[in-house]
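Enquirer: Sharing a structure below in structure tokens format, with a few things to ask.
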Amino acid sequence: MASGNMLSEIAEPVGPASGNSRQSRAVPLSASHAAVLAGYTAALEHAPLADSTKAKYASRLRGYLA
């Protein structure tokens, strides 16, 4: 038995699931926070981690400092 709903009536618009379609922009860091991030990323270069992990760690710290 058909419900009577046409496909076009129930179809949802296609787009980002979160509703957030704007691109995020990097917030400038203060000089002291930039120095902390630089020191951390320099130390990460010598860590026995995958490059993707190092990038993620640095990105998370930058987000925290911003």
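Enquirer: Looking at the stretch 43-60, which of the residues that are aliphatic (A, V, I, L, M) and under 16 Å from Ala26 (Cα atoms) is surrounded by the fewest Cβ atoms within 10 Å (Cβ to Cβ)? Working first, answer last.
Expert: Taking the stretch 43-60 as the starting set, the residues that turn out to be aliphatic (A, V, I, L, M) are 43-44, 47, 49-50, 55, 58.
Among the residues that remain, those that are also under 16 Å from Ala26 (Cα atoms) are: 55, 58.
Values: Ala55: 13, Ala58: 15.
Selected residue: Ala55.
Enquirer: Does Tyr40 satisfy the criteria of being assigned to a helix (DSSP H, G or I), at pLDDT 95 or above and open to solvent by 80 Å² or more (accessible area, probe 1.4 Å)?
Expert: yes
The values are calculated or read from the model by the stated rules, or taken from the named source; none is laboratory data. Keep in mind it's a predicted model, so treat the numbers as computed, not measured. In this analysis, Cβ positions are derived from the backbone assuming ideal geometry, glycine residues included, and neighbour counts consider all displayed protein chains. We work out accessible area using only protein heavy atoms, side chains counted, and drop any ligands, DNA or RNA first. Shrake-Rupley method; radii C 1.70, N 1.55, O 1.52, S 1.80 Å.
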